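The numbers here are math on the coordinates, done by the rules we state, and not lab data. The model shown is predicted, which means the values in this text are computed figures rather than measured ones. Glycine gets a Cβ as well: all are built from the backbone with ideal geometry, and neighbour counts include every protein chain shown.
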Amino acid sequence: MPGQWKRGTHVVDAGNFADTRFMTVTEVAEMMRVSRMTVYRMIHAGELPAVRFGRSYRVPESAVEQILQAGSTDLRATGTDGSSS
C-alpha cells in the first residue's frame, strides 16, 4: 500500500500527516505526567490516536493537547482542580 499507513485496523492516507508533529510514547507520558504503560493502555483502548512505525507508536501532538485541554476543562467544571478554597 504505497502512500498509506495502517493505523490499528484502519488504513490512513499518508498525506494527512504532512504537517503533523509526532511524539513518542515517552514524550507523551512526560507531558501528561503518567506512566508509559498508561499511554499504551490509552492507545490500545482507542482513547489516544497513534500510528505505528515499525515496533513503536507515535502520537500526534495535537491529540495530546486536546486530551490535556479536555482534562483541564473537566476539572474546572467539577471544581476538582486541586486548589484549596
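Listed by Cβ neighbour count within 10 Å, with the fewest neighbours leading, Val28, Val51, Val34 appear as Val34, Val51, Val28. Annotation: the residues Met31, Met23, sorted from fewest to most other C-beta atoms within 10 Å of their own C-beta, follow the order Met31, Met23.
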